[in-house]
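Take a look at the structure below.
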């Protein structure tokens with residue numbers, strides 16, 4: 001699958017270098033930020049590259065060592081994001097005149113960690129700048145965004161729903177939201193979207 005190119009060249013240079021590190025460590029990986037949003041929703045600006053990988057806390061030291069060896073700078077982590085049950089390590093990819101943040105979400109034993117592992121198993125390959133990259137599928141991306149629940153995340157969900165509402169696997173999406181205790185938030189977000197776009201009837205996932 002191809003994606004229209006809204007990103008500066010250094011974005012994918014830095015991202016490819018990070019992906020090479022993940023692969024050297026034997027880790028599964030995928031984009032979870034602006035790249036899949038551009039593919040499944042609408043293009044938006046970004047200041048960093050967001051990844052999910054299959055490494056957990058036990059692999060964090062190895063990840064740090066290899067990232068530093070590849071020229072990245074460590075900025076923080078691994079730290080747990082309060083109330084989200086997500087663990088994040090942050091790096092910086094310097095380049096002439098600036099740099100790019102590299103955010104790496106690690107797997108955990110939490111329900112969110114199990115969800116992340118499942119999402120990695122469903123990742124989708126894209127081609128860009130002559131290279132191949134992995135990204136999260138649209139259903140898992142919606143769940144990630146509702147879990148984060150920041151204003152920009154909800155804007156991203158709206159763009160995905162605008163383009164993919166009728167083709168999403170709603171049974172899968174709803175089941176994953178229920179697993180993460182996000183069923184109420186999913187109903188709120190989808191209900192508001194349906195009202196705003198004049199869609200009548202019940203929620204699009206199986207009822208009962």
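The values are calculated or read from the model by the stated rules, or taken from the named source; none is laboratory data. Computed from a predicted structure; not experimentally measured. All Cβ positions, even for glycine, are placed from backbone atoms using ideal geometry, and neighbour counts span all protein chains on display.
Hey, among 38, 70, 49, 45, which residue is surrounded by 19 or more Cβ atoms within 10 Å (Cβ to Cβ) and within 22 Å of residue 97 (Cβ to Cβ)? Break it down stepwise before answering.
On the way: 38 fails: within 22 Å of residue 97 (Cβ to Cβ); 70 fails: surrounded by 19 or more Cβ atoms within 10 Å (Cβ to Cβ); 45 fails: surrounded by 19 or more Cβ atoms within 10 Å (Cβ to Cβ).
None of the others qualify; the one that does is 49.
Can you name the condition, by its number, that residue 132 falls short on among (1) surrounded by fewer than 20 Cβ atoms within 10 Å (Cβ to Cβ); (2) within 22 Å of residue 179 (Cα to Cα); (3) in contact with a strand residue (DSSP E or B) (Cβ under 7 Å, 6 or more places away or on another chain)?
Every condition holds for residue 132 apart from (2).
Can you pull out every residue in segment 116-129 that is at pLDDT below 95 and touching a helix residue (DSSP H, G or I) at 6+ places or on another chain (Cβ under 7 Å)?
126, 128, 129 - these are the residues of segment 116-129 that are at pLDDT below 95 and touching a helix residue (DSSP H, G or I) at 6+ places or on another chain (Cβ under 7 Å).
If you take the residues in segment 135-162 that are touching a helix residue (DSSP H, G or I) at 6+ places or on another chain (Cβ under 8 Å) and not in a helix (DSSP H, G or I), which one is nearest to residue 187 (Cα to Cα)?
149
Hey, can you tell me all the residues within segment 72-96 that are touching a residue at least 60 places away in the same chain (Cβ under 8 Å) and within 16 Å of the chain's Cα centre (by Cα)? Lay out the reasoning, then the answer.
First, pick out the residues of segment 72-96 that are touching a residue at least 60 places away in the same chain (Cβ under 8 Å): 84, 86, 91, 93, 95.
Within segment 72-96, 84, 86 meet the criteria.
Only one of 142, 190 is within 14 Å of residue 32 (Cβ to Cβ), at pLDDT 95 or above and either out of contact with any strand residue (DSSP E or B) (no Cβ under 8 Å at 6 or more places or on another chain) or surrounded by fewer than 19 Cβ atoms within 10 Å (Cβ to Cβ) (or both); which? Working first, answer last.
Details: 190 fails: within 14 Å of residue 32 (Cβ to Cβ).
Of 142, 190, the one residue that is within 14 Å of residue 32 (Cβ to Cβ), at pLDDT 95 or above and either out of contact with any strand residue (DSSP E or B) (no Cβ under 8 Å at 6 or more places or on another chain) or surrounded by fewer than 19 Cβ atoms within 10 Å (Cβ to Cβ) (or both) is 142.
Return a yes/no flag: does segment 90-104 have any residue that is surrounded by fewer than 16 Cβ atoms within 10 Å (Cβ to Cβ), more than 14 Å from residue 15 (Cα to Cα) and in contact with a helix residue (DSSP H, G or I) (Cβ under 7 Å, 6 or more places away or on another chain).
No, the conditions are met nowhere in segment 90-104.
For residues that are in contact with a helix residue (DSSP H, G or I) (Cβ under 7 Å, 6 or more places away or on another chain) and either surrounded by fewer than 16 Cβ atoms within 10 Å (Cβ to Cβ) or in a helix (DSSP H, G or I) (or both), tally how many sit in segment 175-187. Give the derivation first.
First pass over segment 175-187, keeping only residues in contact with a helix residue (DSSP H, G or I) (Cβ under 7 Å, 6 or more places away or on another chain): 176-177, 179-180, 182-183, 185-186.
Pick out the ones that are also either surrounded by fewer than 16 Cβ atoms within 10 Å (Cβ to Cβ) or in a helix (DSSP H, G or I) (or both) and you get 176-177, 179, 183, 185-186.
Of the residues in segment 175-187, 6 are in contact with a helix residue (DSSP H, G or I) (Cβ under 7 Å, 6 or more places away or on another chain) and either surrounded by fewer than 16 Cβ atoms within 10 Å (Cβ to Cβ) or in a helix (DSSP H, G or I) (or both).
State whether the residues of segment 19-40 include one that is at pLDDT 95 or above, in a loop (DSSP other than H, G, I, E, B) and more than 17 Å from the chain's Cα centre (by Cα).
For segment 19-40, residues at pLDDT 95 or above, in a loop (DSSP other than H, G, I, E, B) and more than 17 Å from the chain's Cα centre (by Cα): present.
Scan segment 69-109 for residues that are assigned to a loop (DSSP other than H, G, I, E, B), under 20 Å from residue 180 (Cα atoms) and touching a strand residue (DSSP E or B) at 6+ places or on another chain (Cβ under 8 Å) and jot them down.
Let us first name the residues in segment 69-109 that are assigned to a loop (DSSP other than H, G, I, E, B), namely 70-72, 82-85, 96-97, 107-109.
From what is left, the residues that are under 20 Å from residue 180 (Cα atoms) are 82-85, 107-109.
Matches in segment 69-109: 107, 108.
One residue is enough: does segment 48-58 have a residue meeting the conditions free of Cβ contacts under 8 Å to residues at least 60 places away in the same chain, in a loop (DSSP other than H, G, I, E, B) and either closer than 22 Å to residue 130 by Cα or in contact with a helix residue (DSSP H, G or I) (Cβ under 7 Å, 6 or more places away or on another chain) (or both)?
yes
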